[in-house]
Amino acid sequence: EQWYQRRVRGKKTMKSSKTQQKADEETINSLYNTVLLCEKGLKVFEDAVRSQIEKHILKTLCLDLTKATFTKLAEEHDCPFQGDNMKLDSIVAYLPKNAKPFATSIITSVTSGTNVQEFIESYTELTDPQYTQLLVKKLDKKKERNMVFAQKQSLLEQLKTEENSANLLNMACNLIFIKQHSTLLHVPGRCTSAVVKHISRDFTGPQLETINASLGAVVAELREESKMTEEQKQALRDLVTEVLFGKQTDEQ
C-alpha cells in the first residue's frame, strides 16, 4: 500500500510539473511575442523617439521576459537563482559554455542596452532547444493577428471605464496605433506627445482638435494646473470609436 501511495503521489507530482511547465511556457511565449510585436512598431518613429522607446521596452517587457526565462533555466541547470534583477548574472556560470555569451548579452541589454533587435537575437539563441527544454517560438501570422485583436478588445473594454486621464490617453493612443499599424505599442509617458503627433498625422480638423486637447489636458493635470473634464474624456473615447469603426450616428 505504501508503495502504491508513493507511485500515485509521484504521478500527481509529474502531472503538476507538466502543468506548471505549460503555464510557464505560455507566460514566456506571450511576453516574447509581445516584445516582437512592439519591436515591429518601432520603425515608424524618428531616431530620438525610437531610442527612448527601445530603452523602455528593454527595461520593462524584456526584463520581465528575461526574469521568467532565467528562472526556468535555473531550474533546469540546478542554479539557486532567485528572480532578483541584481542577480541575473548568477545563472551564467551554470549554463553550457556556448550559451553563456547569449545570456551575458541579454543581461547587458536589459540593464544598459539600447537595441531591442540585439536582445531578440541573443534571446533566440539562448532559447535554442540545445540549451533549454522550454519551447519558445514566434507566432505565425494568424496567431499574431489573434494576439493583436485580443489586446485591442481588452483595451476597448478598459477604455469604457478608465477615469485616470493619463491612462485613458495612453489607451487611446495604443488603440489608434493598432488600427494604423496592426501591431502593439509600448512607450514611456514622456513619449506620449510624439505618439500623438504620429497617430494624428492624417486626422481631420475636429479629430486633431480632440486629440491635441486631450494631450493638453493630461499635461495640465500632471502639472496640477487643472483636471481633464468628463466631457473631454468622453470626446476622447468617441474619437477612438470613430477612428476604429467610423463615425457613429445616433441610430447606431
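The values are calculated or read from the model by the stated rules, or taken from the named source; none is laboratory data. The shown structure was predicted, so the numbers you read here are calculated from the model rather than taken from an experiment. Virtual Cβ from ideal backbone geometry, glycine too; neighbours counted across all protein chains shown. Side chains included, ligands, DNA and RNA excluded: accessible areas come from the protein's heavy atoms. Shrake-Rupley method; radii C 1.70, N 1.55, O 1.52, S 1.80 Å.
Here are a few things to note about the model shown:
- Candidates Thr114, Thr132, filtered to the one that is open to solvent by 70 Å² or more (accessible area, probe 1.4 Å) and polar (S, T, N, Q): Thr114
- Region 109-161, subset of a type in the set (Phe, Trp, Tyr) and in contact (Cβ under 8 Å) with a residue 12 or more places away in the chain, residue nearest to His77 (Cα to Cα): Tyr131
- Filtered residue count, region 169-195, keeping only those that are touching a Cys at 6+ places or on another chain (Cβ under 9 Å), more than 17 Å from Thr34 (Cα to Cα) and surrounded by 21 or more Cβ atoms within 10 Å (Cβ to Cβ): 1
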